[in-house]
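Attaching a single structure in structure tokens format; questions to follow.
The values are calculated or read from the model by the stated rules, or taken from the named source; none is laboratory data. Quick caveat: nothing in here was measured; it's all calculated off a predicted structure. Ideal geometry is used to build each Cβ from the backbone, glycine not excepted, and the neighbour counts take in all protein chains shown.
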């Protein structure tokens, strides 16, 4: 298990009934989390950052090379998966059924309009505002990336001093999940850990915020000298916490949302860890052998080399070899072909078991058809389908938490059943093939659906509205009876006619007169 799953027993229930989270239980949770769970997350983060096992290899002989070559398959695996799965922004569309829509204000000129038929976008607008204020696209991509690296990641929703709704990512090494029981995996509490360094005392204070559906209990480490300026991480295991204060929150549920990479909470790096470690080791050893060539021993057979001969060899590169004599370097023979086969097999298996194709493969070159591209990305797509299901579930839970401030600001009830979470893969497209498909479907499929097939169009509905506006402009410009054309024709016929000039004055300006009736 990647998270701590500890059922709430009877003794703990009694402590909860007293109205406060048990400090002894909190100390036990933090100690277990820091010592047994968090190191796993830290390890995978280091692997992603390029801090591989090979870098810890000790030098056995100070006279021999000890190269430590890092091949960043871990970073490539995560970055390519993130780019494919989350490279395009996730779209959140909230649409209320017409029967549930409340009347909205309309322009007084819209006489006879059924106000209940007008689209109510209050919830969507407020959701967009919260997402924009919190840089949703960046937040979601980092949220998903961390889940791929560590198996899970969290988002904390809170309100600042001005009652603005804020969201921030919380790393799994800084958060403990306490479940009601081990079978349903329904969270009872989520505990956020963080540290504050005090400059004047040069000490670190450890804090723990215990979140329940209605309140936040804040604890801090007791300043007993055992948690001095040792920084984050291991120092937490020595901390003993005491209660500080209690705060309420408005969300009605635990405002920390967890996204899982998969049901097993496994990192994308776990299945290729040993393969990459072996690749690093083999390539580093080969590099050592090549470097050792320069320091190889020189064997002299039936020869005695004096200082003068050795110096002449260094200066001129010439040496005299006597009859039956020989001279050669003693080097280890490298089986180049076997070595290449081994490295190629390792690299192939790394891409195979990570489900991330080798984009440098010549088979990816050229103008591939859409079917060919999808076939080559089938393994990655299969893996991303699981990630999409987990992330969609987490995003809907996030919107449930956000529904409270949305209701406060709009007066609208939010139902996540009306929320559509749209993912789109960031994949190269054969535009010629797509346009040909759209052209063939014209007249058989509605325009909005056809436009949605084009990868460069993000909002088909907006494009349709613009097309309709263009058609209306063209119609008015070609209709001889439109008011706009009548006005323009009148102005062209009497260019000097305005509000201040009479018809006679306008004609006089053009050299014409109005005939007068006979007396």
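For region 421-467, which residues satisfy the criterion of being within 22 Å of the chain's Cα centre (by Cα) and exposed (fewer than 11 other Cβ atoms within 10 Å of the Cβ)?
Result: 456, single match.
Is there any pair linking a residue in region 137-165 that is without any contact (Cβ under 8 Å) to a residue 12 or more places away in the chain and on the phi < 0 side of the Ramachandran plot to one that is part of a strand (DSSP E or B) and surrounded by fewer than 18 Cβ atoms within 10 Å (Cβ to Cβ), with Cβ under 9 Å and at least six apart or on different chains, and which?
160/166
Another question, if that's okay. Could you check, for region 268-282, whether at least one of its residues is within 48 Å of the chain's Cα centre (by Cα) and modelled with pLDDT under 70?
no
Using the structure shown, decide if residue 454 is modelled with pLDDT of 80 or more and under 30 Å from residue 91 (Cβ atoms).
Here the answer is yes, as residue 454 does meet what is asked.
Name the one entry in 39, 58, 7 that is modelled with pLDDT of 90 or more and either surrounded by 12 or more Cβ atoms within 10 Å (Cβ to Cβ) or under 18 Å from residue 242 (Cα atoms) (or both).
On inspection, the qualifying residue turns out to be 39.
Does residue 29 satisfy the criteria of being within 30 Å of residue 399 (Cβ to Cβ), part of a helix (DSSP H, G or I) and in contact with a strand residue (DSSP E or B) (Cβ under 7 Å, 6 or more places away or on another chain)?
The answer is yes for residue 29.
A follow-up question, please. Residues that are more than 25 Å from residue 241 (Cα to Cα): find the strands (runs of 3 or more DSSP E) completely inside region 139-218 holding 1 or more of those. Break it down stepwise before answering.
Numbers: elements: 152-159, 165-170, 175-179, 187-198, 203-211.
So the answer is 152-159, 165-170.
Further question on the same structure: Taking the condition over 29 Å from residue 423 (Cα atoms) and either buried (at least 16 other Cβ atoms within 10 Å of the Cβ) or modelled with pLDDT under 90 (or both), does residue 50 pass?
Against the criterion (over 29 Å from residue 423 (Cα atoms) and either buried (at least 16 other Cβ atoms within 10 Å of the Cβ) or modelled with pLDDT under 90 (or both)), residue 50 does not qualify.
Only residues in region 425-454 that are within 28 Å of residue 79 (Cα to Cα) count as the first member; pair them with residues that are in a loop (DSSP other than H, G, I, E, B) and at pLDDT 85 or above, Cβ under 9 angstrom, at least 6 apart or cross-chain, and list the lot.
Pairs found: 425/87; 425/88; 425/377; 426/87; 426/88; 427/87; 427/377.
Every residue in region 153-186 that is modelled with pLDDT under 90 and either touching a helix residue (DSSP H, G or I) at 6+ places or on another chain (Cβ under 8 Å) or surrounded by 18 or more Cβ atoms within 10 Å (Cβ to Cβ) (or both), please. Show your work before the answer.
Step one: list which residues in region 153-186 are modelled with pLDDT under 90, which gives 179-186.
The one that is modelled with pLDDT under 90 and either touching a helix residue (DSSP H, G or I) at 6+ places or on another chain (Cβ under 8 Å) or surrounded by 18 or more Cβ atoms within 10 Å (Cβ to Cβ) (or both): 179.
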